[in-house]
1. Out of all the residues in the stretch B:157-180, is one or more touching a residue at least 12 places away in the same chain (Cβ under 8 Å), crowded, with 17+ Cβ neighbours inside 10 Å, within 14 Å of chain A (Cβ to nearest Cβ) and of a type outside the set (D, E, K, R)?
2. Residue pairs, Cβ under 6 Å, 6 or more apart or interchain, first in the stretch B:31-59 and within 17 Å of B:V83 (Cβ to Cβ) and within 14 Å of chain A (Cβ to nearest Cβ), second surrounded by 20 or more Cβ atoms within 10 Å (Cβ to Cβ) and of a type in the set (D, E, K, R). List them.
3. Check the stretch B:72-85 and report whether any residue there is out of contact with any Gly (no Cβ under 8 Å at 6 or more places or on another chain), away from chain A (no Cβ under 14 Å) and modelled with pLDDT under 95.
4. Does B:F260 qualify as being surrounded by 15 or more Cβ atoms within 10 Å (Cβ to Cβ) and in a helix (DSSP H, G or I)?
5. Tell me, which residue of the stretch B:91-111 that is open to solvent by less than 60 Å² (accessible area, probe 1.4 Å) and not aliphatic (A, V, I, L, M) is farthest from B:V154 (Cα to Cα)?
6. Having 3 or more residues that are farther than 30 Å from A:S246 by Cβ, hydrophobic (A, V, I, L, M, F, W, C) and not assigned by TED's automatic domain parsing to the domain that holds A:E79 is the bar; report the helices (runs of 4 or more DSSP H) wholly within the stretch A:115-229 that clear it.
7. For the stretch B:126-135, give me each residue that is in a helix (DSSP H, G or I) and either of a type in the set (V, I, T) or crowded, with 20+ Cβ neighbours inside 10 Å (or both).
8. Taking the stretch A:52-74 only, how many residues are within 40 Å of the chain's Cα centre (by Cα), of a type outside the set (A, V, I, L, M, F, W, C) and either within 22 Å of A:E143 (Cβ to Cβ) or open to solvent by less than 30 Å² (accessible area, probe 1.4 Å) (or both)?
Amino acid sequence: MFFHLLLADLKMIARNRQALFWALAFPLIFVVVFGLFDLDRPRTIRIAVVDQAQDKISKGLILGLAQIELVHVVTSLPEAEARRALLNGGLGFVLIIPPDLTARAQQGAEPVPLTLLHSQSQPEVSHQFSGVIRQFVDSANLELNNAKPRLAMNLEGVESQDITYFDGVLPGLVGMGIMTFSVIGMGSVIAVYRENRIFKRLLTTPLRVSLFFAAQITARLLLSLVQALIIFAAGIFLFDAHVYGSLLWALVLVLPANIIFLNLGFLVGAFAKNVEAAASLGNLMTVPMMFFSGVFFPTDSLPKALAWVVGYLPLSPLLDAMRGVLLESQPLWEFPGELAILGAWVVVSSVLAVRFFRFE
Amino acid sequence: MPMEKVIQVENLVRRYGSLVAVNGVSFEVDRGEVFGILGPNGAGKTTILETIEGLQRPTSGRTLVLGMETYKEPLKVKARIGVQLQASAYFDYLTLTEILELFGRLYPQRIPARHLLEQTGLAEKANATVSKLSGGQKQRFTIAAALVNDPEVVFLDEPTTGLDPQARRQLWEFIQQIHREGRTVILTTHFMEEAELLCQRVAILDKGKIVALDTPAHLVRNLPAPYEIKLLAEGPLPAHELEALDGVVATYKGEDGFHFLKCTDTSQTLPALLRWAESRSVRFQQLQVVPATLEDVFLTLTGNQLRD
């Protein structure tokens, strides 16, 4: 009997297009959007050089600048136009090289000033880039003084794990997907069954109520695993998301989390008068979690008190633990705090769901 | 041989807070009977039915189905009864066949879905969903679903409410067919003609109490005035003279100039009426004898119309 109920539940979920949209298309749209926007790529720096010297050193300087990655050098602008472009954001920097640079430098009476104009709207970029120019100026000075460099720096890259913003968002989208599907989906089903008196009709049969719910919950747990796999697969195969740890741990995490969300769905169904109300109530519950529990933005950017509260919402420990096992390759037991919060939610939400559930 | 009692209701009381929905109801239903519970909305019909079915618990008193007390052995009772609820729907995303098969799985014994659909004239809709059915088809399907476990007792709660006359007639035939299959049927209704046509016995319920219980024919015959004579004459008729005729209980004037004589016995009143007409040279354009209905029974017993 359990098997037939389960089969019927799976059929009904598969045929309910609207529920499927929430289950799959909604998180997949996010996967595609975040996959397409490369949010980790550094922005190109545009610099105009007003070369009033047009001699050996100034040309060497421009050539050197042009070789730096992500720096785009413009030499065609007169000073006034370059300054205007800097003001309206078209350029990041303007470097002004005074006339007769080589001659005055070789004369060596006093240092020839190079002027770097920078926009103050991006202080970090300005700071970094002015360092690059300063370094360039220093080495030019050394060379002009025929001084030999005494110190050298070897830059050695260490192979580190490349974790992009998208890698972090993907587990967030999986969590969001199972949350919305379970809370709103389960809530709507409960509301419809009550509204249409399907529960009452079932109560006229010898079916044991516990068996009915066992089938419902099993069907939805199975579906949440499939849903998580599809979202992970889309991220990994379509947009090269990195997964360093075990996907299996992530799927193990999905189960208790989904039990919590299904319980919240039962509660939504218990308090909503009809399907429409269930959908709104479900959204009211899931949308704040979607934004605050760190699906898209890390929670440590939040004000401290708020971050503390948000940490105890059911979605937060799920995402923290899931990112931990996937991106830091940790085993699941390295997250006892997160597991404890999830466990507490499983117990509390089950008690509340049983307490407030009603057939009529 | 005494008839087997399929349903026994003993001193059933059901209170919701201070509201008394059912106030001491007792009756029995024999095997193979079609038993009707008649009454206006809010009389307690559905509460009685749902208590017998095991959906509601009695405040006091008890109900037995096939000798088993519903409240004590609900699952055993539920396995052997079929229930059609008032205004209940079925799953949106399953076909008729799938719904019947799923419900069948909930019982130890079952009738094949195809057979039930053929019986209800829904074979063509076997792979459609409930949303694709007309009102009458939906109601037939609901009753088909109540038969899925081959039940000995079938409960129908206002099966024809909201149906057009043609769909209602089709459903009546279907209910009679269920009866011919040897099942006991207990139904609630507020349509008098439905009860008269389908039920061997009816209980008339008013404000949570049974005010009469008998065959429809007996109930009508026991009225103080089981007949009515409907008259149309060329001129006005003197009401006090009509009232004085043999066997006339009361008279009243209807629309379009009709006069009505409520009478105990037409075999006395008709000859007296004709003699009176001859002596007064009154000519009748129309003369009709109309037997009273359960509607009149209800009106007489409760002073209320059955439908508002």
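1. Scanning the stretch B:157-180, I find no residue that is touching a residue at least 12 places away in the same chain (Cβ under 8 Å), crowded, with 17+ Cβ neighbours inside 10 Å, within 14 Å of chain A (Cβ to nearest Cβ) and of a type outside the set (D, E, K, R), so the answer is no.
2. If the second residue must be surrounded by 20 or more Cβ atoms within 10 Å (Cβ to Cβ) and of a type in the set (D, E, K, R), the pairs left are B:T46/B:D157; B:T47/B:R14; B:L49/B:D157; B:G54/B:K78; B:Q56/B:E50.
3. Taking the stretch B:72-85 as the starting set, the residues that turn out to be out of contact with any Gly (no Cβ under 8 Å at 6 or more places or on another chain) are B:72-73, B:75-76, B:79-85.
Restricting the remaining residues to those that are away from chain A (no Cβ under 14 Å) gives B:72.
From what's left, modelled with pLDDT under 95: B:72.
Yes, the conditions are met somewhere in the stretch B:72-85.
4. Considered against the rule, which asks whether it is surrounded by 15 or more Cβ atoms within 10 Å (Cβ to Cβ) and in a helix (DSSP H, G or I), B:F260 comes out as no.
5. The residue in question is B:T95.
6. Values: elements: A:123-144, A:165-195, A:198-203.
Result: A:165-195, A:198-203.
7. If the condition is that a residue be in a helix (DSSP H, G or I) and either of a type in the set (V, I, T) or crowded, with 20+ Cβ neighbours inside 10 Å (or both), then B:V130 is the only one that fits.
8. Residues in the stretch A:52-74 being within 40 Å of the chain's Cα centre (by Cα), of a type outside the set (A, V, I, L, M, F, W, C) and either within 22 Å of A:E143 (Cβ to Cβ) or open to solvent by less than 30 Å² (accessible area, probe 1.4 Å) (or both): 2 in total.
The values are calculated or read from the model by the stated rules, or taken from the named source; none is laboratory data. Because the structure is predicted, anything quoted here is derived from the model rather than measured. Heads up, the Cβs are rebuilt from the backbone with ideal geometry, glycines too, and the neighbour counts pull from every protein chain shown. These accessible areas exclude ligands, DNA and RNA; they are computed on the full protein's heavy atoms, side chains included. Shrake-Rupley method; radii C 1.70, N 1.55, O 1.52, S 1.80 Å.
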